[in-house]
Amino acid sequence: MLYALAIKNLLRRKSRTLISILGIAIGIAMIVSLVSISEGIQSTVQDSISKIQGISVMQKGAIDQILSSVDESYADKISQLRGVRAVSPEVFAMASTVEGREIVFRMGAGPPGVVIGIYPKTYEDLKSAGYTTNIIEGRFFKSDSEKSKVVIGKNIASKYNKRVNQRLRIDGESFKIIGVFESGSNMIDNFIVMHIDDARDLFNLPENSVNSFMVDPSNPAQSDELAKYINRKFSKLHASTSQEFAKQFGETFSVISLFTLAVSSVAAIVGGLGIANTMLMSVIERTKEIGVLKSVGWYSSDVLKLILFESIMISVIGLIVGVGIGSFVALYIFPTFMNMPALINLELLLLATGFSIGLGLLGGIYPAYKAANMSPLEAFRGGD
Amino acid sequence: MTHIELKNLCKDFVLGNQVIHALKDVNLKIKRGEFVSVVGPSGSGKSTFLNMVGAIEKPSKGAMIIDKENIVDYDDRESSDFRREKIGFIFQTFNLLHDLTARENILIPTVPDGIPDHANKRAIKLLEQMDMADRASHKPMELSGGQQQRVAIARALINEPEIILADEPTGELDHKSGNTIIELMKKLNRSEKVTVILVTHDLKVAKMADRIILLDDGKVVLDKPSNRVNIKDLII
């Protein structure tokens, strides 16, 4: 009956209970959705990066190619190093429109927007160059003289319903599609590859600067050693194998994930304060009732259990609603708009459960303690 | 046979800088199965007296021997056990839980013991005794004042207590319902051999007891069998 009484108590003030449940639910929904989205982005991007073969060389301190800027003259210096087979300079830029449609930046995936400018001949020299190894339609660039042409990822082809020999308009300029590639990565399949001069013209990029270099080692088994060697030789550059880069990205993104978790946790803690407030109000309102329970022989521990059970009920219902909302956002809304999966794993669900029940306990502990220590004398005070 | 014995019982309250002596050296013996009325003006110490016997409050001084045990020495848990096993409280305002049915309200004191089967059976029997069998599933708001008080009496009796402590049980009832409740308590007192201590303002109600104790300013000023007390003796 203790538990039945607790449920009836919660139903007695339906709107207040509902608001408390919502408080927890919103916090938990934020934790589930933001963390799973963040995990999804991290996993997708890491997976994509790891598919790129070779060594990527960027400006030291830059977290990705878009934010990196290095002098193109490093290409010759790197290519002279022992163990280097080929070096391909690359520029990266975000297109504003493709086929007249505005591109919204979407964390490395989703509708197309990333343009890579290369020297076709040099790029072709890369044995293990990552993006375009698998041409599924048409061909890759044959020479450095091929301009105003693009090789597009298969996502671009399907998104804009384009085939080889058709034209693709990027930021108002028209390019002939000569090939379609499939990389196996959802992110990379949104790339558009063009001649570096076309990219510089199109995006007004400086002549002697590139975002990064793709380096092909003579012996792929010695990629790690070569990357370390480049780092030792050039203090302003940072070379990393794709695996290492993926790891670094993961570490950087973990900080973002942690921040996301912290922000959503604050929301959940506010929800926990809501429980504390609700339970405290409830205990104050039920002073006489608690006095009656104690006067008829209830132990203080029974009263403690009653109030704690009520607050945990709020947190458990909030958890269920929150996980439901968070999962819906992460699994249906986010992938629909961002074309990227979110990752909900058991660990995240356990975290949300622990957090929610912890908040229920913490929110209920003071009101429960206060109730348990009430005097049975309260039952004898006048009025209801 | 003495059931309850109060020895030099004192209770002081501190109100600001003032010390209020609610009970002053009260010495009393109440026999098992006695029906005692406690009367007196407001502030005479009646409720404090009742709370002491019910282990709700501890005295400042003195001893309270019930069944040969000094309940003053009880800790919080022992006091709860004592109240649940030996005492049945009846309140002026019934103090039923509005969300529970009559039957559930009666069972409330048995929750710490896990509501044993025999308690369920006894609750039904008590409802029948109170002529409330057809109201078992009704919530307090669906019952009259007299019916609510009968449910409260059944709740007080659920654990087969040795002592019933009633604090102005007729205070919220009309004359007829009040008399019915007192008659019911007298009947229970006789049939179940329960010791009843009834605190009341109503001197006619008080006269229905076997014995009347008059308190004034924290002291016992009259203690006689009710048939030897005139109502005017009780007016202070």
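On inspection, B:Val19 passes the criterion of being over 20 Å from the mean Cα position of the chain (by Cα), more than 14 Å from chain A (Cβ to nearest Cβ) and surrounded by fewer than 21 Cβ atoms within 10 Å (Cβ to Cβ).
Of the residues A:Met194, A:Met279, the single one that is farther than 24 Å from A:Glu124 by Cα and either within 14 Å of chain B (Cβ to nearest Cβ) or crowded, with 16+ Cβ neighbours inside 10 Å (or both) is A:Met279. Hey, among the residues in segment B:159-185 that are under 15 Å from A:Gly297 (Cβ atoms) and in contact (Cβ under 8 Å) with a residue 60 or more places away in the chain, which one's nearest to the other protein chains (Cβ to nearest Cβ)? By that ranking, first place goes to B:Asn159. Which is under 30 Å from A:Asn9 (Cβ atoms), in contact (Cβ under 8 Å) with a residue 24 or more places away in the chain and touching a Phe, Trp or Tyr at 6+ places or on another chain (Cβ under 8 Å), of A:Ala276, A:Ala267? Just a single option satisfies the conditions, and that option is A:Ala276.
Within segment A:324-362, if we keep just the residues that are open to solvent by less than 40 Å² (accessible area, probe 1.4 Å) and in contact with a Leu (Cβ under 7 Å, 6 or more places away or on another chain), the residue that is farthest from the other protein chains (Cβ to nearest Cβ) turns out to be A:Ala342. Checked against the criteria, B:Leu165 does not count as over 13 Å from the mean Cα position of the chain (by Cα) and open to solvent by less than 30 Å² (accessible area, probe 1.4 Å).
When B:Ser137 is tested against (1) over 26 Å from B:Asn179 (Cβ atoms); (2) open to solvent by 40 Å² or more (accessible area, probe 1.4 Å); (3) free of Cβ contacts under 8 Å to residues at least 12 places away in the same chain, just one condition goes unmet, and that condition is (3).
Any residue in segment A:145-159 that is in a helix (DSSP H, G or I), open to solvent by 10 Å² or more (accessible area, probe 1.4 Å) and touching a strand residue (DSSP E or B) at 6+ places or on another chain (Cβ under 6 Å)? The answer is yes, given that some residue of segment A:145-159 is in a helix (DSSP H, G or I), open to solvent by 10 Å² or more (accessible area, probe 1.4 Å) and touching a strand residue (DSSP E or B) at 6+ places or on another chain (Cβ under 6 Å).
May I ask you to list the residues in segment B:83-101 that are part of a helix (DSSP H, G or I) and within 20 Å of A:Leu306 (Cα to Cα)? Can you show your working first?
Kept after step one, since they are part of a helix (DSSP H, G or I), are these residues of segment B:83-101: B:83-86.
Once the filter is applied, which keeps residues that are part of a helix (DSSP H, G or I) and within 20 Å of A:Leu306 (Cα to Cα), segment B:83-101 yields B:Arg83, B:Arg84.
Here is a yes/no grid of residues against (1) open to solvent by 10 Å² or more (accessible area, probe 1.4 Å); (2) more than 10 Å from every other protein chain (Cβ to nearest Cβ); (3) not in a helix (DSSP H, G or I):
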{"position": "B:Gly43", "(1), (2), (3)": "yes, yes, yes"}
{"position": "B:Glu57", "(1), (2), (3)": "yes, no, yes"}
{"position": "B:Met64", "(1), (2), (3)": "no, yes, yes"}
{"position": "B:Val72", "(1), (2), (3)": "yes, yes, no"}
{"position": "B:Asp81", "(1), (2), (3)": "yes, no, no"}
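Taking helices (runs of 4 or more DSSP H) as the structural unit, those lying wholly within segment A:1-81 and holding at least 3 residues that are within 27 Å of B:Leu97 (Cβ to Cβ) correspond to A:2-12, A:14-51.
Taken over segment B:159-209, the criterion of being part of a loop (DSSP other than H, G, I, E, B) and among the small types (Gly, Ala, Ser) is satisfied by B:Gly171, B:Ala209.
The single condition among (1) surrounded by fewer than 22 Cβ atoms within 10 Å (Cβ to Cβ); (2) within 14 Å of chain A (Cβ to nearest Cβ); (3) among the charged types (D, E, K, R) that B:Arg32 does not satisfy is (2).
Given the criteria touching a Gly at 6+ places or on another chain (Cβ under 7 Å) and either open to solvent by less than 40 Å² (accessible area, probe 1.4 Å) or part of a helix (DSSP H, G or I) (or both), does A:Ala268 qualify? Lay out the reasoning, then the answer.
Numbers: touching a Gly at 6+ places or on another chain (Cβ under 7 Å): yes; either open to solvent by less than 40 Å² (accessible area, probe 1.4 Å) or part of a helix (DSSP H, G or I) (or both): yes.
Yes.
Can you give me the number of residues within segment A:316-367 that are of a type in the set (Ser, Thr, Tyr) and modelled with pLDDT of 90 or more? Residues that pass the stated criteria total 4. Checked against the criterion of being open to solvent by less than 30 Å² (accessible area, probe 1.4 Å), out of contact with any strand residue (DSSP E or B) (no Cβ under 8 Å at 6 or more places or on another chain) and of a type outside the set (A, V, I, L, M), the candidates A:Gly54, A:Gly40 yield just one match: A:Gly40.
Do the conditions hold for A:Ile136, that is, is it within 26 Å of A:Met340 (Cα to Cα) and touching a residue at least 24 places away in the same chain (Cβ under 8 Å)? In short, yes.
In this structure, is A:Asn190 under 21 Å from the mean Cα position of the chain (by Cα) and of a type outside the set (A, V, I, L, M)? Here the answer is yes, as A:Asn190 does meet what is asked.
Candidates are the residues of segment A:363-380 that are open to solvent by 30 Å² or more (accessible area, probe 1.4 Å) and touching a Lys or Arg at 6+ places or on another chain (Cβ under 8 Å); the one that is farthest from A:Leu306 (Cα to Cα) is A:Glu378.
Taking the conditions (1) more than 19 Å from the chain's Cα centre (by Cα); (2) more than 21 Å from A:Asp224 (Cβ to Cβ); (3) open to solvent by 40 Å² or more (accessible area, probe 1.4 Å) in turn, A:Arg82 satisfies each one other than (2).
Residues in segment B:83-98 that are hydrophobic (A, V, I, L, M, F, W, C) and more than 7 Å from every other protein chain (Cβ to nearest Cβ) were compared, and the one that is farthest from B:Lys139 (Cα to Cα) is B:Ile87. For segment B:109-132, a tally of residues being open to solvent by less than 40 Å² (accessible area, probe 1.4 Å), within 14 Å of chain A (Cβ to nearest Cβ) and assigned to a helix (DSSP H, G or I) returns 6.
The values are calculated or read from the model by the stated rules, or taken from the named source; none is laboratory data. Since we're looking at a predicted model, the values are computed, not measured. Glycine also receives a Cβ, built like all others from the backbone with ideal geometry; neighbour counts cover every protein chain displayed. Surface areas here come from the heavy atoms of the whole protein model, side chains and all, with no ligands, DNA or RNA. Shrake-Rupley method; radii C 1.70, N 1.55, O 1.52, S 1.80 Å.
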